[in-house]
Amino acid sequence: MESNTSTLVVPTPSTEVSSFDFKSLNNVPKQFVWSSKDLIKGSSEKLNTPLIDLKAIKGDEIAMANAAKLVREACMKHGFFEVTKHGVDHDLIIAAHREYDSIFKLPLEKKLSAKNKHNRWGYSSAHAERYSSSLPWKETFTFLYHYIHESDSEIVDLFKSFLGDEFEQAGLVNQRYCEAMKEVSMNILELLGISLGADHSYFQRFFEDGEAIMRCNHYPSCKNPNLTLGVGPHCDPTSLTILHQEQVSGLEVYVDGKWLPVPPRHDIPDALIINIGDTFKALTNGVYKSVLHRVVVNEKVNRKSLTFFLNPRADKTVIPPKNLFENEEQRDYLDFTWTQLYEFTQKRHRADPDTLSSFVLWLGTQEPPPSN
C-alpha cells in the first residue's frame, strides 16, 4: 500500500511502461510487484453475500422487508450483496463482454490512441500513465455515463471518436447496457432506502441526475500471479458498484482478518455483485461499510468484469437522510461533493484503504462547497 492517513500520495506517472503490452512479457516487471502484505493468500472460505431476487420483491412489502433486512446486515458488516432477476437481458450482458473482447484484442498502438487528453476516459494500460509502482495487472476501457444526457447517441459518439466508425455497434451495446444498469441501480437504491429506514425513494431522488463511470476491466493471465495483483487492496471511492464478472474467480474481500473470495455463481451466470463505496458510506454516516477488496490474477486464463460505478451529480452535496440523526447522532463527515472526492483520488491520493480518512483530513483544510 502506498499511503497512510497522514500522508497524501500524489500519483506519479511512469513513461517507462505507459505503453505496456501484457502479451509481450514472460516475467512480471518490478513495477507490477506488490508488497508481501498485499499478496497474502486468500482463504478457501467464501464471503457470505445474500442473493436478492429483485423480481420477487417488487410490489411485495413482506418480501421487500425481508430482503432489506438481509441487505442491511450485509452492508453493516462488509458492504457486499448480490442480485438476480434484475431485468437485464442475458444476451445484452454477453454482447457487452463480446464487444470488449474485440477492443482488448486490438493492436496496442490502436488501443493507446483510444483515450482523451486527460487520460481519464478511454483505454488505459495498467494505469501506467498515472502510477509508477504497484501497477495493477490489467487494462481498462472507461467512460462517463450521465443519467440525464443531452443526446441518446452520446456513448455511440464517444466510441466512434475513440476507436473509429467501425465501433459504432460497441457504442450501441454499451449505451443499452448503461441504460439497463441505470434501471437496476434505481431498484437497488429503493431497497437500500428501505433497509436504512428512510423513505423508499430518498436515494432514488438523490441519484436521479447522477453520473456513472462505466469500466470494463481485462485481467490477462499471468505466468507468476503470486507477485502481482489485478487490483490492489482498496475501497471504492464511488457510491455503488454494480459488477458483472465472467465465470473466472478473482474478486476477494477483506473481512475478519481474511481475504474471502466472491466467486462467480455458475448456476446464476447473470448475477450482479453490488458493493458500497466510500461516498455511499458517507451518505449513511458510516452505518454501511465500504470495505477493502482486491482482484487476484489467474495463471492460465484471462478474466473480464463489467463495472458500473454510480455517483451523485458532480456538484451535489453528500448529506445523509435525516432519519439517521433521530437520536442526536453526530455527523461523521463534513459536507462534500462527488467532484471534490473524485479530484482528490485523481490528483492527490491513489484509491487505497485510507482514501476516505485521508480525504476527510484534507477536506477540513478546504473551503466548504456551495449549497445545492
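The values are calculated or read from the model by the stated rules, or taken from the named source; none is laboratory data. Everything quoted here is computed from the prediction, not taken from an experiment. Glycine gets a Cβ as well: all are built from the backbone with ideal geometry, and neighbour counts include every protein chain shown.
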Just to be sure before I move on: is Gly286 in contact (Cβ under 8 Å) with a residue 40 or more places away in the chain, at positive phi and touching an Asp or Glu at 6+ places or on another chain (Cβ under 9 Å) in the structure I sent?
yes
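Which residues, counting only those in the range 245-265, are in contact with an Asp or Glu (Cβ under 8 Å, 6 or more places away or on another chain) and part of a strand (DSSP E or B)? Explain how you work it out, then say what you get.
Quick first cut of the range 245-265, residues in contact with an Asp or Glu (Cβ under 8 Å, 6 or more places away or on another chain) only: 258-262, 264-265.
Listed by number, the residues that qualify are Lys258, Trp259, Leu260, Pro261.
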Do you know which residues across the range 310-321 are touching a Phe, Trp or Tyr at 6+ places or on another chain (Cβ under 6 Å) and touching a residue at least 60 places away in the same chain (Cβ under 8 Å)?
Asn311, Pro312, Ala314, Pro321
Can you tell me which condition Lys111 does not meet? The list is (1) part of a helix (DSSP H, G or I); (2) modelled with pLDDT of 95 or more, and all the others hold.
(2)
Which condition number does Lys85 fail, the rest of (1) within 20 Å of His244 (Cβ to Cβ); (2) in contact (Cβ under 8 Å) with a residue 60 or more places away in the chain; (3) touching a strand residue (DSSP E or B) at 6+ places or on another chain (Cβ under 7 Å); (4) among the charged types (D, E, K, R) being met?
(2)
Taking Phe336 as the residue in question, decide whether it is closer than 30 Å to Val262 by Cα and either of a type in the set (Phe, Trp, Tyr) or at pLDDT below 90 (or both).
no
Output yes when any residue across the range 59-68 is exposed (fewer than 15 other Cβ atoms within 10 Å of the Cβ), at pLDDT 95 or above and of a type in the set (Val, Ile, Thr), and no when none is.
yes
Given the condition within 30 Å of Pro50 (Cα to Cα), under 18 Å from the mean Cα position of the chain (by Cα) and crowded, with 18+ Cβ neighbours inside 10 Å, answer yes or no: does some residue in the range 114-132 qualify?
no
Mind checking whether some residue in the range 121-137 is among the polar types (S, T, N, Q) and under 26 Å from Asp209 (Cα atoms)?
no
Sole residue being on the phi > 0 side of the Ramachandran plot and either in contact (Cβ under 8 Å) with a residue 60 or more places away in the chain or in contact with a Cys (Cβ under 6 Å, 6 or more places away or on another chain) (or both), chosen from Ser125, Ser134
Ser134
Does Phe309 satisfy the condition of being assigned to a strand (DSSP E or B), modelled with pLDDT of 90 or more and either of a type outside the set (Val, Ile, Thr) or surrounded by fewer than 16 Cβ atoms within 10 Å (Cβ to Cβ) (or both)?
yes
Out of the residues in the range 263-282 meeting the condition of being in contact with a strand residue (DSSP E or B) (Cβ under 6 Å, 6 or more places away or on another chain) and within 24 Å of Ala95 (Cβ to Cβ), tell me which one is surrounded by the fewest Cβ atoms within 10 Å (Cβ to Cβ).
Ile268
Picking from Ile273, Ile268, Ile242, which residue would you name as being hydrophobic (A, V, I, L, M, F, W, C), part of a loop (DSSP other than H, G, I, E, B), under 23 Å from Arg98 (Cα atoms) and modelled with pLDDT of 95 or more?
Ile268
For the range 283-291, state whether one or more residues are surrounded by 22 or more Cβ atoms within 10 Å (Cβ to Cβ), among the basic types (Lys, Arg) and under 18 Å from the mean Cα position of the chain (by Cα).
no
If only one of Val262, Val253, Val297, Val291 is over 24 Å from Asn187 (Cβ atoms) and of a type in the set (A, V, I, L, M), which one is it?
Val297
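This table checks each residue for (1) assigned to a helix (DSSP H, G or I); (2) closer than 19 Å to Ile242 by Cβ; (3) aliphatic (A, V, I, L, M).
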residue: Asp152; (1), (2), (3): no, no, no
residue: Ser161; (1), (2), (3): yes, no, no
residue: Glu166; (1), (2), (3): yes, no, no
residue: Leu172; (1), (2), (3): yes, no, yes
residue: Glu183; (1), (2), (3): yes, yes, no
residue: Gly193; (1), (2), (3): yes, yes, no
residue: Ala212; (1), (2), (3): no, yes, yes
residue: Cys216; (1), (2), (3): no, yes, no
residue: Cys222; (1), (2), (3): no, no, no
Just checking, which of Leu341, Leu324 is in a helix (DSSP H, G or I), farther than 30 Å from Lys258 by Cα and in contact (Cβ under 8 Å) with a residue 12 or more places away in the chain?
Leu324
